[in-house]
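Data first, discussion second: the structure below is written as structure tokens.
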């Protein structure tokens, strides 16, 4: 008796490791990353038929994992815990963009942003994607990405001004 491979098993085998690395990079936790990847693949498999028509399943998973991670970061309980435990890092005058303090601050900032701005910020500043690449992943125009990043810059300036007044 020959056993046929389930296409869902193949999909998971080919893409789960990359999805996990993506989630772990954004969340900073193996356990949280594992949960996010599990949830994303479960959702994907529940609606496998419509997704099979997608040109690039890798791009779909990349976006789905990013959104799931951002949603997890926005979780109110997690946001509150991060603020309480690491309030001093939010006032740090300079950071070299690495280390646990920077990562916690970045997660706290992402949790405050609207979804489209948070995604654009992650794709641009963390993943270092070009406007064209971000537009492809987000399914919009390069001009829209430029507008999002300009809004993000204005929001950041407003936050810096508020912190300076404290």
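The values are calculated or read from the model by the stated rules, or taken from the named source; none is laboratory data. Please read these numbers as outputs of a predicted model, since none were measured by experiment. Methodologically, a virtual Cβ is constructed for each residue, glycine included, from the backbone with ideal geometry; neighbour enumeration extends over all protein chains shown.
Checked against (1) in contact with a helix residue (DSSP H, G or I) (Cβ under 9 Å, 6 or more places away or on another chain); (2) at pLDDT 60 or above, residue 52 passes all but a single condition, namely (2).
Yes/no per residue for (1) surrounded by 10 or more Cβ atoms within 10 Å (Cβ to Cβ); (2) at pLDDT 70 or above:
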{"residue": "78", "(1), (2)": "yes, no"}
{"residue": "93", "(1), (2)": "no, no"}
{"residue": "111", "(1), (2)": "yes, yes"}
{"residue": "117", "(1), (2)": "yes, yes"}
